[in-house]
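Student: Below: one structure in structure tokens.
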Amino acid sequence: MPKYSPSNLNPRSPLVLDTRDLPRRPGAMRTVKRVAPAPADLGVELIGVPEGADLDLDLRLESVSEGVLVSGTISGPVRGECGRCLREINDSMVVNVQELYAYEDSTTDSTTDEDEVGRMQGDLIDLEPALRDAVVLTLPTNPLCREDCPGLCPECGVHWDDLPVDHSHQQIDPRWAGLSQLNRTEE
Ligand SMILES: [Zn+2]
Ligand SMILES: [Zn+2]
């Protein structure tokens, strides 16, 4: 059984790099600058790149003996929700990409795992998996609208920014008072 099915990458897909004009001679180089629409679900739970938003690719493709080294940056807008106060976050990100894609049937191809080193499919490189990995590593799992976001008052759910400094809830809910007594008797 062949190790790879024939390439099913579309060379015109914006996140597919075509290396046909890159000589397979170590040191040969090409740059790729283009704008690509963001694929769906690019990000983490609370923050990510909106689908279809402009991703700016600024990449360098370099022939090495066993394949093509892709390095550079991909930047784009991110939208999300503050993990403390749920306010909308509009920001931007720049991710660094550096990934080796081994030629089919090269030594690297036969001696490494696909998880360690990327693979070329013929002359094509699918950039999307590396982009997804880089984005997940770059974006915070607990994004904040600003570093010192005070969050919401746990009692009334109003943002601390919108409350007076001396805001407090003096009255203890009798149900909770009962509970704390219950805990004490259990001890
Ligand atoms: Zn916030
Ligand atoms: Zn409150």
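Student: Pairs please, first residue from the range 26-45 and touching a residue at least 24 places away in the same chain (Cβ under 8 Å) and among the basic types (Lys, Arg), second anywhere and surrounded by 12 or more Cβ atoms within 10 Å (Cβ to Cβ) and part of a loop (DSSP other than H, G, I, E, B), Cβ atoms under 8 Å, 6+ apart in sequence or on different chains.
Tutor: Close Cβ pairs satisfying both conditions: Arg30/Thr19; Arg30/Leu22.
Student: Still on this structure, please answer the following. Evaluate the range 96-105: report whether one residue or more is within 14 Å of the chain's Cα centre (by Cα), modelled with pLDDT of 95 or more, part of a strand (DSSP E or B) and more than 22 Å from Leu17 (Cα to Cα).
Tutor: The answer is no, given that none of the residues of the range 96-105 is within 14 Å of the chain's Cα centre (by Cα), modelled with pLDDT of 95 or more, part of a strand (DSSP E or B) and more than 22 Å from Leu17 (Cα to Cα).
Student: Please determine whether any residue of the range 153-162 is more than 11 Å from ligand 2 (Cβ to nearest atom), part of a loop (DSSP other than H, G, I, E, B), under 39 Å from the mean Cα position of the chain (by Cα) and modelled with pLDDT under 95. Spell out how you get there, then give the answer.
Tutor: Of the residues in the range 153-162, the ones more than 11 Å from ligand 2 (Cβ to nearest atom) are 161.
Next, only the ones that are part of a loop (DSSP other than H, G, I, E, B) stay: none.
Checked the range 153-162: no residue is more than 11 Å from ligand 2 (Cβ to nearest atom), part of a loop (DSSP other than H, G, I, E, B), under 39 Å from the mean Cα position of the chain (by Cα) and modelled with pLDDT under 95.
Student: Here's a follow-up. Could you count how many residues in the range 59-83 are modelled with pLDDT of 95 or more, surrounded by fewer than 18 Cβ atoms within 10 Å (Cβ to Cβ) and not in a strand (DSSP E or B)?
Tutor: Count: 0.
Student: Are any residues in the range 33-46 more than 23 Å from Asn142 (Cβ to Cβ), in contact with a strand residue (DSSP E or B) (Cβ under 7 Å, 6 or more places away or on another chain) and crowded, with 16+ Cβ neighbours inside 10 Å, and if so, which ones?
Tutor: Selection gives Ala36 alone.
The values are calculated or read from the model by the stated rules, or taken from the named source; none is laboratory data. Keep in mind that this is a model prediction, so the values were computed, not measured. Reconstructed Cβ throughout: ideal geometry from the backbone, glycine too, with neighbour counts over all protein chains shown.
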